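Asker: I have a structure I would like to understand better, so I am pasting it below and will then ask my questions one at a time.
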Amino acid sequence: MENVGVRVFRSALWLLTLISVSVSVQAANGSYHICTDEKGRKLFSQTPCPEGHDAAVKEYKIKQPVGGEPSSVATPRVSYEELRDSNRKYELQRLLKRNRQKIKKLQDVRDREIKRMRKELMGIAGPNANNRAVDYLEKIEKRDRSYMEEISSLKKTIYDQEKELEKLD
């Protein structure tokens with residue numbers, strides 16, 4: 001027959017074990033905030049989102065190592081501004097690369113199209129050829145201007161993005 005004191009001791013030990021397991025499991029859980037601004041840009045943070053941002057909270061669990069508690073590796077806490085600037089920096093780098101590729105592609109397409117149109121211009125013959133040639137030449141010039149305006153617009157965008165990137169560095 002078991003002593004009442006032993007039974008109470010075992011119950012208390014069991015309860016203490018249960019509490020310590022639940023506390024260690026809670027320590028292995030966490031969450032982060034996903035902040036979306038009015039332009040749809042997403043920022044990830046350990047702190048709540050600033051005013052004016054749509055907020056979502058995601059939960060995560062850290063797998064515990066064999067034999068007990070998760071390691072307590074200290075991670076620096078990054079401020080919202082640092083995280084925002086870092087995200088913007090990477091976004092600008094991607095946009096710069098994409099816009100430079102667009103310019104190269106536009107220049108290649110422009111060169112091929114203008115070359116093809118000039119060949120066609122040389123092939124205009126027959127009655128009233130001069131008038132049709134002048135009209136076609138104006139069409140070539142208009143198309144060339146259209147390409148150059150688009151390329152110029154992209155170059156200005158790249159310039160603005162480079163300036164913004166310089167400020168972030």
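Asker: Of all the residues that make up the range 78-127, how many are assigned to a loop (DSSP other than H, G, I, E, B) and among the β-branched types (V, I, T)? Write out each step before concluding.
Answerer: Keep residues of the range 78-127 that are assigned to a loop (DSSP other than H, G, I, E, B), which gives 78-79, 123-127.
Remaining after also requiring among the β-branched types (V, I, T): 78, 124.
Going through the range 78-127 one residue at a time, the tally reaches 2.
Asker: Moving on to the next point. For the range 10-25, state whether one or more residues are in contact with a helix residue (DSSP H, G or I) (Cβ under 8 Å, 6 or more places away or on another chain) and at pLDDT below 80. Give the derivation first.
Answerer: Let us first name the residues in the range 10-25 that are in contact with a helix residue (DSSP H, G or I) (Cβ under 8 Å, 6 or more places away or on another chain), namely none.
Looking through the range 10-25, none of the residues is in contact with a helix residue (DSSP H, G or I) (Cβ under 8 Å, 6 or more places away or on another chain) and at pLDDT below 80.
The values are calculated or read from the model by the stated rules, or taken from the named source; none is laboratory data. Treat the numbers as computed from the prediction; the structure is a model and nothing was measured. Every residue, glycine as well, gets a Cβ built from its backbone with ideal geometry; the counts of neighbours run over all protein chains shown.
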